[in-house]
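K.L.:
Sending over a structure as structure tokens; questions will come in a sec.
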Amino acid sequence: MLKKILISSDLSEASSALLTCAADWKSIGVEKAILTHVLYSPHPGEMNATFVKETKTIDKNHDVVKKVMPVLEKQKAVLEEAGIEVDIELVYGYPARAINDLAEKHEVSAIVTGSHGKGIVKRATIGSVSSELIHLTRKPVFLVRSTLGQDCGGVLPCRNLFNHILYLTDFSEVAEKGLDYLEQIVEHSKSRVDILHILNSVKDSEKVLPELEAIQARLLAVGSEMVEFECKEGKPEHVAINHIKEREDLTMVVMGTQGKSFAKELLVGSLSLHLSRYSPIPVLLVPQETDSDD
């Protein structure tokens, strides 16, 4: 399911640090990566169809190309060292739309991008691009938060990425889609999993017990070394972030987007968007409608 991924690079130190996840991606079956950088076009749709597959088709003396390609080649080498085949793609366009177009073109299984940082270009921050991307794409989006220090270096929690996963569920069809992807990850990684369901009232906890036990059984059946579940009451955004901070050994979050109780509006007050902005650990967001080839 996750054999091919698209990695969006903004050429920053944070973006390069994101590639320290390469060995982890390889460990769950990723065989190929499309490493892409967006050459900004301010008008959506104006240049989105203009793809550049080989640098020889561009003026090699162009200042932008001379700056971009050496960085992308270094990033490519990091991925190849982990045993992942890599193709570099430069794409002209409006960042979020261009990234989504490339993901569709290459029929990737997921898109990997930073959730915070300096930005794909000066006029578009990674945070805003990732938010737009979540809204646009039918591909799962893996968001890795970059924390920029005083030296503007990227510090990313990518090591041992699949050791201990938090799965958020409201038992909807959307949450089920996230569970399907989680099963694929667990089958390869044997990850430990925590299941969290957020309640309107703790009085409802007994009602959902059979559903939680069923999810637990599914994940144990595909090889998880340990699966625990918990119900908590409160506002989903606050409960989820506090839970992550309390469990310091968690390494990533998996959830479906547009769940019936988590996200009535994808870009207005949704848990998925909140986590994309504030989660201290990587988040894999799986949309309700994914491409059939994924």
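The values are calculated or read from the model by the stated rules, or taken from the named source; none is laboratory data. Since this is a predicted model, take the numbers as computed values, not measurements. Every residue, glycine as well, gets a Cβ built from its backbone with ideal geometry; the counts of neighbours run over all protein chains shown.
K.L.:
Looking at Ala49, Ala14, Ala22, can you tell me which residue is among the small types (Gly, Ala, Ser), touching a Cys at 6+ places or on another chain (Cβ under 9 Å), at pLDDT below 85 and within 30 Å of Lys177 (Cβ to Cβ)?
P.N.:
Values: Ala49 fails: touching a Cys at 6+ places or on another chain (Cβ under 9 Å); Ala22 fails: at pLDDT below 85.
None of the other options fit; the residue is Ala14.
Quick grid of which residues meet (1) outside any helix (DSSP H, G or I); (2) at pLDDT 95 or above; (3) touching a Cys at 6+ places or on another chain (Cβ under 7 Å):
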position: Asp59; (1), (2), (3): yes, no, no
position: Val68; (1), (2), (3): no, no, no
position: Leu72; (1), (2), (3): no, no, no
position: Gln75; (1), (2), (3): no, no, no
position: Glu80; (1), (2), (3): no, yes, no
position: Gly83; (1), (2), (3): yes, yes, no
position: Leu90; (1), (2), (3): yes, no, no
position: Ile99; (1), (2), (3): no, no, no
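One line per residue, one yes/no per condition, for (1) assigned to a strand (DSSP E or B); (2) surrounded by 15 or more Cβ atoms within 10 Å (Cβ to Cβ); (3) within 19 Å of the chain's Cα centre (by Cα):
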residue: Tyr167; (1), (2), (3): yes, yes, yes
residue: Val174; (1), (2), (3): no, yes, yes
residue: Ser224; (1), (2), (3): no, yes, no
residue: Val239; (1), (2), (3): no, yes, no
residue: His243; (1), (2), (3): no, yes, no
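K.L.:
So Val112 fits all but one of (1) in contact with a Phe, Trp or Tyr (Cβ under 7 Å, 6 or more places away or on another chain); (2) among the hydrophobic types (A, V, I, L, M, F, W, C); (3) at pLDDT 95 or above; what number is the exception?
P.N.:
Only one criterion is unmet by Val112, namely (3).
K.L.:
Please verify whether the range 259-282 includes one or more residues that are in contact with a Leu (Cβ under 6 Å, 6 or more places away or on another chain), closer than 16 Å to Asp194 by Cβ, at pLDDT below 95 and not aliphatic (A, V, I, L, M).
P.N.:
no
K.L.:
A further question on this structure: Mind checking whether some residue in the range 199-214 is of a type in the set (Val, Ile, Thr) and within 25 Å of Trp25 (Cα to Cα)?
P.N.:
Within the range 199-214, the subset of a type in the set (Val, Ile, Thr) is 202, 208.
Filter once more, keeping what is within 25 Å of Trp25 (Cα to Cα): none.
No - not one qualifying residue is present in the range 199-214.
One line per residue, one yes/no per condition, for (1) more than 15 Å from Leu284 (Cβ to Cβ); (2) basic (Lys, Arg); (3) in a helix (DSSP H, G or I):
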residue: Asp180; (1), (2), (3): no, no, yes
residue: Gln184; (1), (2), (3): no, no, yes
residue: His188; (1), (2), (3): no, no, yes
residue: Asp194; (1), (2), (3): no, no, no
residue: His197; (1), (2), (3): yes, no, no
residue: Lys207; (1), (2), (3): yes, yes, no
residue: Leu212; (1), (2), (3): yes, no, yes
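One line per residue, one yes/no per condition, for (1) modelled with pLDDT under 95; (2) assigned by TED's automatic domain parsing to the domain that holds Val254; (3) on the phi > 0 side of the Ramachandran plot:
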| residue | (1), (2), (3) |
| --- | --- |
| Cys158 | yes, no, no |
| Leu168 | no, yes, no |
| Glu176 | yes, yes, no |
| Val193 | no, yes, no |
| Val208 | yes, yes, no |
| Arg218 | no, yes, no |
| Glu228 | no, yes, no |
| Gly234 | yes, yes, yes |
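K.L.:
Still on this structure: Ser201: on the phi < 0 side of the Ramachandran plot, in contact (Cβ under 8 Å) with a residue 12 or more places away in the chain and out of contact with any Phe, Trp or Tyr (no Cβ under 6 Å at 6 or more places or on another chain), yes or no? Walk me through how you get there before you give the answer.
P.N.:
Working: on the phi < 0 side of the Ramachandran plot: yes; in contact (Cβ under 8 Å) with a residue 12 or more places away in the chain: yes; out of contact with any Phe, Trp or Tyr (no Cβ under 6 Å at 6 or more places or on another chain): yes.
Considered against the rule, which asks whether it is on the phi < 0 side of the Ramachandran plot, in contact (Cβ under 8 Å) with a residue 12 or more places away in the chain and out of contact with any Phe, Trp or Tyr (no Cβ under 6 Å at 6 or more places or on another chain), Ser201 comes out as yes.
K.L.:
For the range 245-257, check the following and say yes or no: at least one residue is modelled with pLDDT of 95 or more and among the β-branched types (Val, Ile, Thr).
P.N.:
yes
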